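Following: one structure in structure tokens, then a few remarks.
The values are calculated or read from the model by the stated rules, or taken from the named source; none is laboratory data. Predicted model only: the values in this text are computed from it and were never measured. Counting neighbours? That spans all protein chains shown, and the Cβs are built from the backbone with ideal geometry, glycine included. Accessible surface areas use protein heavy atoms only, side chains included; no ligands, DNA or RNA. Shrake-Rupley method; radii C 1.70, N 1.55, O 1.52, S 1.80 Å.
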Amino acid sequence: MNRTKGDEEEYWNSSKFKAFTFDDEDDELSQLKESKRAVNSLRDFVDDDDEDDLERVSWTGEPVGRRTRPGSFQSLSDALSDTPAKSYAPELGRPKGEYRDYSNDWSPSDTVRRLRKGKVCSLERFRSLQDKIQLLEEAVSMHDGNVITAVLIFLKRTLSKEILFRELEVRQVALRHLIHFLKEIGDQKLLLDLFRFLDRTEELALSHYREHLNIQDPEKRKEFLKTCIGLPFSAEDSAHIQDHYTLLERQIIIEANDRHLELAGQTEVFRKHPRKASILNMPLVTTLFYSCFYHYTEAEGTFSSPVNLKKTFKIPDKQYVLTALAARAKLRAWHDVDALFTTKNWLGYTKKRAPIGFHRVVEILHKNSAPVQVLQEYVNLVEDVDTKLNLATKFKCHDVVIDTCRDLKDRQQLLAYRSKVDKGSAEEEKIDALLNSSQIRWKN
Amino acid sequence: MAFPHRPDAPELPDFSMLKRLARDQLIYLLEQLPGKKDLFIEADLMSPLDRIANVSILKQHEVDKLYKVENKPALSSSEQLCFLVRPRIKNMRYIASLVNADKMAGRTRKYKVIFSPQKFYACEMVLEEEGVYGDVSCDEWAFSLLPLDVDLLSMELPEFFRDYFLEGDQRWINTLAQALHLLSTLYGPFPNCYGIGRCAKMSYELWKRLEEEEDGETKGRRPEIGHIFLLDRDVDFVTALCSQVVYEGLVDDTFRIKCGSVDFGPEVTSSDKSLKVLLNAEDKVFNEIRNEHFSNVFGFLSQKARNLQAQYDRRRGMDIKQMKNFVSQELKGLKQEHRLLSLHIGACESIMKKKTKQDFQELIKTEHALLEGFNIRESTNYIEEHIDRQVSPIESLRLMCLLSITENGLIPKDYRSLKTQYLQSYGPEHLLTFFNLRRAGLLTEQAPGDTLTAVESKVSKLVTDKAAGKITDAFSSLAKRSNFRAISKKLNLIPRVDGEYDLKVPRDMAYVFSGAYVPLSCRIIEQVLERRGWQGLDEVVRLLNCSELAFTDMTKDDKASSESLRLILVVFLGGCTFSEISALRFLGREKGK
């Protein structure tokens, strides 16, 4: 207790700025008075907040523009009349940073309790490893993560990292706090050392890989990714990292090339559809879409061709077809769409096939406003009759609806559909002809 | 829980007191820096602050200009700067850079940092390291509970989930314990406490410690709330992963309700500007539809619109005097209702448009199949296509997590293929996302030749089921399995329905998911309250991996009135969904307690 000012230099230093201090730290009443005075001075200006109105504007710094209703605000002093004053006191405590601790004799549990209350508390006297560990365990048993971290900061400063790591390895709760703390303050070096010590190779690799997100320059990012390839990822993740590197490498080449093409203004597709954004750092599927959009017909040998991408990244058929379809439909290249699904068998007959359901094809085409003639061809290929009829009705493929009703011999439905087609249209005629036909044996 | 629809509903405690307390404390803290000052507010704190104070209050306490805390140099010319921030490292770096820039320029000003809801030692450490400790004074604004509605409090701490459930950082446990302590100080002690989960248990222990330390404060007070229930979010991830179909939940899923209000864009307001709207019981139209299944909402709104029309029409036959009465007494209310009605109709239309565009029906069908555990292959294919089409990155993840938790992990082949396709569709850096989801237990892979299952099946051949259960316990720390199917069976979460489930007249909490699933979290709460404890739920608790983590604490307190015993406070640690709130409101109405 009889130490000099210098000796009292506490770890959690106190503030120079003391705007408001009481000498007696338990004098809650005087704090209340202070707050009461503050509140009473407001009485005339503050209105009741519970009348939240729909018109209120957001917090933008502009006046909120509500009516002021003097006297309607129930101040703290009003509330006091029916509640014991003491119950409010903890809420109005004086700034906790102002508390000072002049004792150096606190036990680990007292110290931890004081830390929890946000009081300034020196940890310097915990010098033996045993004391330090006792302090840490006390903090862990209290459950307060903030205090655990406070003790860890002290331990990190006063223990060599080998000893610190060794002690934390058997104390998982504290260990998790240290890892999170290191992540937050961005002490990447110590974090990697820790993972190395713990033999957590996957986290080590991922933590390193994570850094690429902070590198904006594409060339530098690419080079960084290259250094990630040899890291101890699982076999599966290694392949993903390799792909990430290859993808960015390709994107850099494509980007440079296409920017040049676009500027030159000689290529039609770039003139008609100027690029909205750079392809750098886009996902693979987006890159494939881009490539199907701008480089569809290129030979497999070029980096930007869809076929090359498909091969390099082993893109599944399903994924490829979905993406190519979306890209070609957006360009309204119906011929390409057609070719995407046409297969020839060994006899030379052509047949339409799709690795995805044709109902999906129809949806994508419709989203890209394909004309009815194109749509109905694919609606017709939908296998499930109900789905087919639904889609045909939804997208106004009259012929498909009419033919399907005929095939189902569903006179009622056909009759109902008649009201949906235009008066005097070819469709109406077709329906009438069917309805009047004596050749069909209707089921209803 | 609130029961606004029951005439005999118990009266709710006056939570607005929390707002007044927070406001008074903020004013007090601002007065600590006398004279004119500029206030820098963290973006995340603006909405909560907006709910308890307004600009004119701040001006009264000599706040001159307001700035948002963002990573830009400060333009303020004030002699005193005050920062109102969450205790985050990046804020400290920002403040330190401002102070150091001033120092370089030879400028002296006063700086004050107010941390809300509390300061962290790690923050002070950064200030110290940056050489500004002592130049800056620090204070705490213990604003940890914001009443969002008459029956809803929020801590407004979105990082709670990530910090605890992913990183294992217990920094918010003290904040929560303090908040619970405040509640018992203001509204009397809680005679009955229940809880489940590690975080719940730790918070409870710390809270009790606080009460002991400040002994006497709550003694002798009449309890206003009879029961408190603490529940860790990871006890039930499934419910949080399901698409919401009650109106308030849909509004949240579609537009994001933040801090009790929502930004309706031009497509909803049918004008050219967006509108920020508070969603709570004060909005009479909203209050009647918030807990309804979406399929009922349209009918309700159009009925309401017709009634409104009829009331407007009444003025046709009026004489001057009646007209005067009408204008002075009714017109304002009608106009208000009119405006609310058109807003919610606009919101409904917008929701419908968005949902039909992304084949919501198919999505819901898949979710229900996953919950019930049939057609897993088909659901997996649906998820795959969802990913391939680059529909929504979040929705794809949500579905994968739902598949994982309901099936105790994905089979390795599916895990690999879905992960690969996900990385291809949404970007390779999501490798990190997958790692995080695995750590949080949200998206896992069944280990091939799973040691756990191997041992389990061997053992169960030799000994009784009970012994096998014990062995599973011993392993549960190694491989936490979600056991959703078994839990679902035990707690009857999938209601058997003969014929159509009438969503207009819900018969159980399953209505919040179209009658397909009773939210697990709410079912647990219902069961525990009914049994006044965990008796008979041992098996469920074991399946939830919470054997040591379910607790009850009941004090014999004859002061608790029967009225207060009907009030229950449920605390979700790590957040809750509007569907769960609706389900609990339903439960409250049904049980009347």
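Structure values in brief
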quantity	calculated
Per residue value of the accessible surface for the stretch A:201-315 (all protein chains in place, 1.4 Å probe), Å²	50 Å²
List of the stretch B:52-87 residues, accessible area with partners at least 50 Å² below that of the chain alone (1.4 Å probe)	B:Asn54, B:Val55, B:Gln60
Normalised contact order of chain B, rounded percent, pairs of Cα under 8 Å and 6 or more residues apart	19 percent
Sulfur and carbon atoms: percent of accessible area, the stretch B:261-381 [1.4 Å]	53 percent
Carbon/sulfur fraction of accessible area - the stretch A:108-199, other protein chains in place, 1.4 Å, %	47 percent
Table column - 3J(HN,Hα) (Hz), the stretch B:279-290, Karplus curve with 6.51, -1.76, 1.60, x for Gly and Pro	10, 7, 4, 6, 7, 5, 5, 4, 4, 7, 10, 4
Rounded Å value of the spacing that divides the Cα centres of the stretch B:278-339 and the stretch B:155-228	42 Å
Pairwise FRET efficiency - A:Ala333 versus A:Arg200, Cβ, R0 = 56 Å, nearest 0.05	0.65
Separation between Cα centres of the stretch A:319-385 and the stretch A:404-424, rounded to whole Å	26 Å
Charge dipole magnitude, Cβ of K and R +1, D and E -1 - the stretch B:320-428, Cα centre, debye nearest 20	780 debye
Peptide ranges B:504-511, B:266-273 listed from the most packed, as the mean C-beta count within 10 angstrom indicates	B:504-511, B:266-273
Solvent-accessible area lost in complex, 30 Å² minimum, residues of the stretch B:378-398 relative to chain alone, 1.4 Å	B:Glu385, B:Asp388, B:Arg389, B:Gln390
Cα shape, the stretch A:331-395, gyration tensor, a/c 1.5 rule	oblate
Amide H within-cut-off set for B:Leu153, under 5 Å, with H built and near neighbours excluded	B:Leu148
Per-residue HN-Hα couplings for the stretch A:359-370 [Karplus 6.51, -1.76, 1.60; θ = phi - 60°; Hz; x = Gly/Pro]	5, 5, 4, 4, 4, 5, 4, 5, 4, 9, 6, 6
Within the stretch B:296-315: backbone nitrogen closer than 20 Å to the B:Asn325 label point (7 Å, Cα to C-beta)	B:308-315
Rounded Å value of the spacing that divides the Cα centres of the stretch B:120-154 and the stretch A:130-174	23 Å
Long-range amide H partners of B:Tyr133 with built H, under 5 Å	B:Glu128
Relative contact order, percent, the stretch A:108-199 [alpha-carbon distance under 8 Å, six or more residues apart]	22 percent
Inter-chain shielding of B:163-171 (mean C-beta neighbours from other protein chains, 10 Å cut-off)	6
Where A meets B: accessible area buried, both sides, 1.4 Å probe, Å²	9000 Å²
For B:Tyr247, solvent-accessible area (1.4 Å; no DNA, RNA or ligand), Å²	0 Å²
Per residue value of the accessible surface for chain B (all protein chains in place, 1.4 Å probe), Å²	42 Å²
Interface residues in the stretch A:272-306 - accessible area drops by 10 Å² or more relative to the isolated chain, probe 1.4 Å	A:Pro283, A:Leu284, A:Val285, A:Thr286
Percent accessible area from carbon and sulfur atoms, the stretch A:397-443, protein chains only, probe 1.4 Å	43 percent
Å² per residue, accessible surface of the stretch A:397-443 at 1.4 Å	62 Å²
Full-stretch length increase - A:Lys189, A:Ser438 - with 0.36 nm per residue and alpha-carbon distance subtracted	81.0 nm
Model label zone, B:Glu213; criterion: amide N under 18 Å from point 7 Å along Cα-to-beta-carbon; scope the stretch A:111-125	A:111-123
Per-residue [θ]222 nm for chain B (sum of -39500 (n - 2.57) over DSSP H runs n ≥ 4, rounded to 500)	-15000 deg cm²/dmol
Karplus 3J(HN,Hα) series, Hz, for the stretch B:297-305 with 6.51 cos²θ - 1.76 cosθ + 1.60 (x for Gly, Pro)	5, 4, x, 4, 5, 6, 4, 4, 5
Amide H partners (placed H, <5 Å) of B:Ile41, local residues excluded	B:Tyr67, B:Lys68, B:Val69, B:Leu84
